[in-house]
Every structure is written in structure tokens, then in C-alpha cells.
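Student: Take a look at this one; I'll ask things after.
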Amino acid sequence: MRALLVVDVDLANDWHHKFFVIKEKRRVARALKEALAQTRSQGIPVAFVIFADDRKFSGQEAQIKIEEERKPCIGCSRAETRLAPFLRHRHHPFEPMFMKTKWDAFSNQMLLRHFLSLGVREIMLAGCFTSSCVKETATGAVKNGFSVTLLRRCVYRPFADKHQEENWLEEVKRSIPHDSANAVSVRIWGTVKKPLAKRLRDLFQGMRP
């Protein structure tokens, strides 16, 4: 089974409209909205991770579901952990939220246990920042036995060129056991001139659970 993991796309990381004057951020937001639409339509699990203030959180907090009304969604109600509105975080069914205080999202053991409980084997990775939290999360995922596909158009900051992309991949591979190195891949879509939505449909049709 596959799952989509979205890292640090929250208001604390400036994912709100006034920062969309940055053209790169607008493009990533658009691609991520399309990826979420395709993922949700196919019933692929989605999870979100937020970089939390370690003065308030231990980095092991999570919200797998909303069990009662007096416990609101941490991704929609708390100013310090609020997801970007364009993600349209779902409550029915609830898309789990995990907090971290380190770059690697898998430093929160609850995220690992959640994916294992679902039988997830491959993680599609999106979010920010490509050279820090996204890279360390990719490394953490592979160390924990998952294969990883980076959704190239859904990460910020985008790779400047093919050389930078290859360097990112090599840095991840150097950090993991040799026999796991082939589990990391950068899936590149969009090389053919098609509408973005059509490119994403083509991508996800080849990634059905």
C-alpha cells in the first residue's frame, strides 16, 4: 500500500496567501492540491506532519482521529500548528496529524506505527523544505523499511536543475544502509507538455495500491 505524506505545509512555514507572490510557492501549492485530489479520489491514505515548537510539544504528539467534539483538530484550530487552508484537511474520514521537533518526521514514532498499522510500504513525499525536513524524512522513511517517491513538483524549494536533483538523491542514499539505497527514487512527471491535472492522473494511475 502507498500513502501520501505532506511535511510542514503550515502557516508557521509561511504557507498563506500573502506569500504566494513567490511564483515558486504558487506552483508548488497548485501541484500539491492536484496531488491531494488524485490521492483522495483513489482512497490512498494521507497524513500531515507539522514542525512543532519544542517548548510546547515533545515531538511525539499525534491526532489519528477526532473522537469527541471537545477535542478539536490540531491542524485546523491551533494557531501554532495550523495547516495551510488550500490543503483542505479532511475530517471525514480524518487525515491524521503528527508533530515533530526534528527535521525527520519519523522521529515521531507514532507516525511509523500508524503507517505500519495500515500496511504502507511506499511513501509519496511532498512538502518543505526540500534540502532539510523533506530530505531527512526521506532518509528516515527508508531506514524504517519504506520505499520513497519524492513528488518533484510538490516540494519547496524546487530543484534548480537535474544536477541539484541528483545531488539530493545521492545525499539521501549516503545516509542509509547500502542494501536500502535503491528504495529511494525521485519520480519526475511533467516532462511531456500536458495539462498538470492530466500529468497527475497519469502518475497516480500507475501507483494504485
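Student: When region 112-140 is examined, which residues are found to be part of a helix (DSSP H, G or I), in contact with a helix residue (DSSP H, G or I) (Cβ under 6 Å, 6 or more places away or on another chain) and hydrophobic (A, V, I, L, M, F, W, C)?
Tutor: L112, A138
Student: Looking at region 106-119, can you tell me whether even one residue there is in contact with a strand residue (DSSP E or B) (Cβ under 9 Å, 6 or more places away or on another chain), at pLDDT below 90 and not aromatic (F, W, Y)?
Tutor: The answer is no, given that none of the residues of region 106-119 is in contact with a strand residue (DSSP E or B) (Cβ under 9 Å, 6 or more places away or on another chain), at pLDDT below 90 and not aromatic (F, W, Y).
Student: Suppose the filter is polar (S, T, N, Q), closer than 17 Å to D8 by Cβ and in contact (Cβ under 8 Å) with a residue 60 or more places away in the chain; does T137 pass it? Quick ask: steps written out before the conclusion?
Tutor: Working: polar (S, T, N, Q): yes; closer than 17 Å to D8 by Cβ: yes; in contact (Cβ under 8 Å) with a residue 60 or more places away in the chain: yes.
Yes.
Student: I'm checking my understanding of the structure. Among residues of region 6-33 that are surrounded by 21 or more Cβ atoms within 10 Å (Cβ to Cβ) and either among the acidic types (D, E) or in contact with a Ser or Thr (Cβ under 9 Å, 6 or more places away or on another chain) (or both), which one is modelled with the highest pLDDT?
Tutor: Selected residue: V7.
The values are calculated or read from the model by the stated rules, or taken from the named source; none is laboratory data. All of these numbers come straight from a predicted model, not from anything done at the bench. Quick reminder, even Gly has a Cβ in these numbers, built from the backbone with ideal geometry, and neighbours come from all protein chains shown.
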